[in-house]
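The values are calculated or read from the model by the stated rules, or taken from the named source; none is laboratory data. Worth saying up front: this structure is predicted, and the values here are computed from it rather than measured. Cβ sites come from the backbone with ideal geometry, for glycine too, and all protein chains shown count toward neighbours. All accessible areas refer to the heavy atoms of the entire protein, side chains included, with ligands and DNA or RNA removed. Shrake-Rupley method; radii C 1.70, N 1.55, O 1.52, S 1.80 Å.
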Protein chains: 2
Amino acid sequence: MATLASRHPLDPLTADEIIQVSSLLKAKSPDTSLHFKIITILEPPKAQLRPFLIAERNGGTQPRPPRKASSLYYHLGTADLFLAEVNLDTNSVDSIKKLAPELHGQNDIDESMALRDACVTHPKVLAELKKFQLPDHLEVVCDPWPYGRDSEKRLPRYVQCYLFARAKHPGSNHYDTPLPFSPVLDIITKDVVEIIRLPTGSGPELNHDSVFQPHETKEYHHELQKQPDRTDLKPLIVHQPEGVSFTIDGYLIKWQKWRFRLGFTWREGMVLHDVTYDCRELFHRLSLSEMFVPYGDPRYPYSRKSVFDVGDIGAGVAANNLALGCDCLGVIKYFSFVISNSQGKPVDKSNAICMHEIDDGIGWKHTNSRTGAVSIVRSRVLVLQTIITVGNYEYVFMWHFDQAAGLHYKIQATGILSTAPIDSGATVPWGTNVNEGVMAPFHQHVFSLRIDPTIDGDKNSFIEEDSVAMPMDEKNPFGVGYVTETNLLSHSTPSDSAPNRVHKIINSSSINKSSGKPVAYAIHSPTKQMLLAHPNSWHGKRAKYAFHPFWVTAHRDGELYAAGDYTYQSHPDNTSDLGAWADRKDKTEDTDIVVWHSISLTHNPRTEDYPVMPCDTMTVSLKPSGFFDQNPALDVPQSTQKSNGSRLVEDTALTVAVGGQSCGMRELKL
Amino acid sequence: MATLASRHPLDPLTADEIIQVSSLLKAKSPDTSLHFKIITILEPPKAQLRPFLIAERNGGTQPRPPRKASSLYYHLGTADLFLAEVNLDTNSVDSIKKLAPELHGQNDIDESMALRDACVTHPKVLAELKKFQLPDHLEVVCDPWPYGRDSEKRLPRYVQCYLFARAKHPGSNHYDTPLPFSPVLDIITKDVVEIIRLPTGSGPELNHDSVFQPHETKEYHHELQKQPDRTDLKPLIVHQPEGVSFTIDGYLIKWQKWRFRLGFTWREGMVLHDVTYDCRELFHRLSLSEMFVPYGDPRYPYSRKSVFDVGDIGAGVAANNLALGCDCLGVIKYFSFVISNSQGKPVDKSNAICMHEIDDGIGWKHTNSRTGAVSIVRSRVLVLQTIITVGNYEYVFMWHFDQAAGLHYKIQATGILSTAPIDSGATVPWGTNVNEGVMAPFHQHVFSLRIDPTIDGDKNSFIEEDSVAMPMDEKNPFGVGYVTETNLLSHSTPSDSAPNRVHKIINSSSINKSSGKPVAYAIHSPTKQMLLAHPNSWHGKRAKYAFHPFWVTAHRDGELYAAGDYTYQSHPDNTSDLGAWADRKDKTEDTDIVVWHSISLTHNPRTEDYPVMPCDTMTVSLKPSGFFDQNPALDVPQSTQKSNGSRLVEDTALTVAVGGQSCGMRELKL
């Protein structure tokens, strides 16, 4: 383990450091118990960090910025929320700030578990269950959801509990039996505030007297399937007999001219720092800033149904323990981390990120048809993956690094649809019936990818580039000409997509010697429908970032989260979210900018998405666009059968020498 | 080899059959020599074919439709073009039709080679070269392009030759030295019609006196690189120790509940027939119908620069001979075919299609966070791939079959940019300078994917489905509700994309028992900018299909090609292309329809695309959307390390038993 002195200011916190932080803060409040929400690394100010990182890369000797942490915590049993900063080097508390009473901390596991128990054992809830005539062989399951907001009211911190019932098997799908009432609990008192009857018909009407109706369940767990598994899938094995192509030094990773640092935080999960290709600077920091999931059912209380999965829950704390050969295939490097629990103690987040190489098809090819000379390389890709479980849903987040200096952010949605009860024979226009009595409402997932660029340095600008047909006139007499038109966004602003538009981050002071134009990286992302909620709705007010696919702001330290630092039951004050930062109209030309990309998935469930959803994949690509002088993958070696040991299906008894090994093959049945 | 009697009516032609066709036709014209353009399989009328295919699938005994071929040919040295149909079973010519004089056959290799030679040895061309002072160590290369059209004139069949110069190495990049004049040749007489001086400045001005200026070349071939290859890429090997998961019977392929027939034609290349999943009908025929590549430089003669890569050239004839471990990695099945040459003789198209399995990440996953039960399957994908070289460019066409009944058409563009000469210091707004003296003009690639669906049978309809916010009123007081709205296209028509729109093929008579709605397959494809040329331009008139991303027509036999059967120098007559078929306003509701998807890539070259372009990938997904009752991949077995032998990077000396084998690993340097 690295000594404190050698630890990098960006390295995730260690178990010792978490204890150090919580001990220091407990000592500051000897008379109260603390309920820790977050203990996490506090990155140095950018003005301090950038020179350090540059010197580090270039072998210079810049003093290391102090290693710091921050913590968000309550005084237990109260609504008093504090934000503290701790210097780990000096073992001292830099500051403690009591936050305004309308700001709330996010959900945490310990609190959620206590609320679940409080809910399903509460006499009022038990009375409702009895009235509903739930059979004894089914167990009640409580999913505590962030309460959200549908009015101006400054309510205490609440949870909205959605209830389900399940059979005893550990893989049983409780989402197949949603119950028609929903308790609201006060998080501090753990008391039931009210029990809301859910609408179960085709409209807003309520049925207060419904009782349990059995139906044939749809299960996803293999042991619960009525049909046997398919048996005709043969093993596929990825070998790297000479080892992997990457190197790792702590959290510093190098692969195929790429160099970057891996980070991991409670809230954002996987973070990339100081990304360069072939020693040229590309990105200072890449992170998942936020993710909002609003539901489209207009009926009360679904009108509130929405989650900020990053701000209300946390992508780091929700990260799965990834398993060899399941979440990742081939030769795998796992990264493990520690996070804090509510007592301020370290909890292992083992295997929260995996890293491996894949073959991604052809890299580039050309055949000179006159001479028959074939040039071809395969595309090798480095994958960093993390998977989070947020209640019913799973999200896979991946960075794919390619050899041509392309960096691809891939998001996959899988897991189980959020379900609601529906009466037999009823249908609704805002949802899909996926089983008898089970409706999956339409919803959206709007992710915010925060891109802090350093395209050949700090002085960057953000442009919209459109392809525009020339008018059919004397300069274009045949009507075939088209050109590009560029709009530089000189002040902080949102920016919309268009089928003909490419967004680019440019550096006007670095000119590509072939094209004669400023170097640029383009952001390629499909044009998508943005937030469907009304701008005057609370969803709209709380998630302004979700209305536009792109935003550019001038960099300021501490502005990391598109919907603000405190999203739980948030009541935006128009100063602390991306909308507010853009409204400042800061200069964003030839300066230190941040680009925010809102990635929207409008998910109107299919029957095929149930009882578990095949991965739905979105890809955002950051690609050089006049950044390099020529194809940066020109020097990838020609692909050969000798190096990858590919074989013909017909060579049923082939024995080939690969990487010094002899590998027999069984006979093929063809 | 299959006997004639056992050959399937959809199987590609054999060498014997090509000889049979050409012999029969030569015998019909004993007094003239024939120049064959195409000899290809002629598929049975759909009304005859469908019952045969259904009976075949169900083990019934429907008589086999006769096996037929068609041929397009000239009387050598004339402009007389004929279309013949031949019955291979009866060994007889069914019909010969002399085509209208304005219709032209496509390019063919034999003709192109003769034209190249005629061009570069023509005294007028040699005189121009001498005037240009091309050094002796450089060889002139001629790329004959389809002449295209920029006026009403009914010209003879011409080629527009673009000239380049190259060093002697077989991998030398001649596109790095484009010459500033372009001969036009008459294809029949092989004579030079004119030599056109190309504009090389920032505008339309011509420089008739320019002479060769040397510059530092950019080469893509490995042997010509100034920098050594990167050396840190370790081998990655895919093993299938128990063999592959597919079975092959002739051209019938089965894999993971999929069943389909593979076809291959001169013009379209790879074709899929009779595609079913789990014995349910999905698609009758899937094919690349057309591909148009117009250039955006408005100056003469670039105003004509455009190619129909399918209609003018042919995707089958241009297919590469795919090499093990280069174009395909793992355990590979190759399919070889024969095509005809201009003498009507068979020519091998070896390894024109490859098929193999890949691991494609996670299929679906859910963790029950209460019980810790993890369910996860990996996604195995079957890949069918073909690659074509069309002059400077390469296209990779792939069908990816997944286990959740999704079928994905992937197109990759690679190869070399089409280049044009440009004066030192000049720039143009319709192109990118990629090297000194070398400009790569903006252009588009508009593919047409022809989808002949059989979603649960023949009676299909095509719908647009939009997600629409509800008005903020008493039914939606919180402003969060949204619903879908459906527009059924009841008569043949184009249809546009929108960020909020999903296009679906539905069967109104087949109702999903979970959702209560008609079964459907959705077409997912990013919203793209369509043809930028003016609708009144010749590009626009000749490629009407390229103005709209979707079209639906009522099926008619013989309507396969979106820009018409005869695209070479085409002068559309408004009866024989997709625009005309849509204009018929045929009923397309609950009937046998065809859906056409125009896939557009607006390619404004990057410096990184030169001297060879990293693959740019587009994906169109055909996915069930309320077709199945539940996730069709539920029965994929849980993924385990035991079956895929994945390992930890740290297990440097690990020996694991995988599929009965013992595979040592070398030590890792980490």
Problem set entry | Folded to 0 to 90 degrees: helix A:123-132 orientation relative to chain A principal axis, Cα | 90
Problem set entry | Summed buried accessible area for A+B [probe radius 1.4 Å, Å², rounded to 100] | 15000
Problem set entry | Total charge dipole magnitude, the range A:169-300, about the Cα centre, Cβ charges on Lys, Arg, Asp, Glu only, Debye to nearest 20 | 600
Exercise. For residue B:85 and residue B:248, FRET efficiency with R0 = 30 Å and r from the beta-carbon atoms, rounded to 0.05?
Worked result: 0.50
For this session: Shortest first and in nm with one decimal, please list how far the residue B:642 label point sits from its counterparts in the other copies (point 7 Å along Cα→Cβ).
Result: 4.0
Problem set entry | Charge dipole (debye, nearest 20) of the protein assembly as shown; +1 at Cβ of Lys and Arg, -1 at Cβ of Asp and Glu | 760
For this session: At most 14 other Cβ atoms within 10 Å and a DSSP loop assignment: could you name the GluC sites (Glu not before Pro) in the range A:450-480 that fit?
Result: A:474
For this session: Give the shape of the range A:528-653 as rounded, prolate or oblate, defined through the alpha-carbon gyration tensor: a ≥ b ≥ c are the square roots of its eigenvalues, a/c under 1.5 means rounded, and otherwise the shape is prolate if a/b is larger than b/c and oblate if not.
Result: oblate
Problem set entry | Global form of the range B:384-484, assessed from the alpha-carbon gyration tensor, a/c cut-off 1.5 | oblate
Exercise. If the label for residue A:57 sits 7 angstrom from Cα along the Cα-to-Cβ line, what are its distances to the same label in every other copy, in nm to one decimal, shortest first?
Worked result: 5.6
Exercise. Looking at B:449, B:27, B:73, which one has the Cα that reaches farthest to the positive end of the dipole of the protein assembly as shown (charges on Cβ: Lys, Arg +1; Asp, Glu -1)?
Worked result: B:27
Problem set entry | residue A:127-residue A:536 FRET efficiency (beta carbon distance; Förster radius 35 Å; 0.05 resolution) | 0.35
Exercise. List the chymotrypsin sites (Phe, Trp or Tyr not before Pro) in the range B:333-415 that DSSP assigns to loop (not H, G, I, E or B) and whose Cβ has at most 11 other Cβ atoms within 10 Å. Which are they?
Worked result: none
Seminar exercise, completed: Over the range B:4-98, with neighbouring protein chains present, the accessible area per residue in Å² at probe 1.4 Å is 43
Exercise. Can you give the extra length, in nm with one decimal, that the chain gains between residue B:371 and residue B:6 once fully stretched, where that is 0.36 nm per residue apart less the Cα-Cα distance?
Worked result: 125.7 nm
For this session: Could you tell me which trypsin sites (Lys or Arg not before Pro) in the range B:467-520 are loop residues by DSSP with no more than 15 other beta carbons within 10 angstrom of their beta carbon?
Result: B:475, B:513
Exercise. Given a Förster radius of 25 Å and the C-beta distance between residue A:97 and residue A:584 as r, what FRET efficiency does 1/(1 + (r/R0)^6) yield to the nearest 0.05?
Worked result: 0.65
Problem set entry | Hits among aspartates and glutamates - C-alpha to C-alpha of residue B:218 under 14 Å, sequence gap 8 or more where chains match | A:629, A:635, B:176, B:436, B:608, B:609
Exercise. What is the local net charge at residue B:547, summed over the other residues whose Cβ is closer than 11 Å to its Cβ (Lys, Arg +1; Asp, Glu -1)?
Worked result: +1
Exercise. Where the label is 7 Å out from Cα toward Cβ, how close does residue A:477 come to the same position in every other copy, in nm, shortest first?
Worked result: 6.9
For this session: In nm, give the distance between the simple-model label positions of residue A:321 and residue B:32, each being 7 Å from the Cα along the Cα-to-Cβ direction.
Result: 8.0
Problem set entry | Cα gyration tensor, the range A:434-587 - rounded (a/c under 1.5), prolate or oblate | oblate
Problem set entry | 12 Å beta-carbon shell around residue A:507, net charge (K/R +1, D/E -1) | -2
For this session: May I ask for the net charge around residue A:267, where only other residues with Cβ less than 11 Å from the Cβ of residue A:267 are counted and Lys, Arg are +1 while Asp, Glu are -1?
Result: -4
Exercise. How much length is gained if the chain between residue B:511 and residue B:47 is pulled fully straight, taking 0.36 nm per residue apart and subtracting their Cα-Cα distance, in nm to one decimal?
Worked result: 164.5 nm
For this session: Take the alpha-carbon centre of the range A:434-454, take the same for the range B:381-427, and report the distance between them in whole Å.
Result: 31
Problem set entry | Residue-averaged 222 nm ellipticity for the protein assembly as shown, from DSSP H runs of 4+ at -39500 (n - 2.57), nearest 500 | -2500 deg cm²/dmol
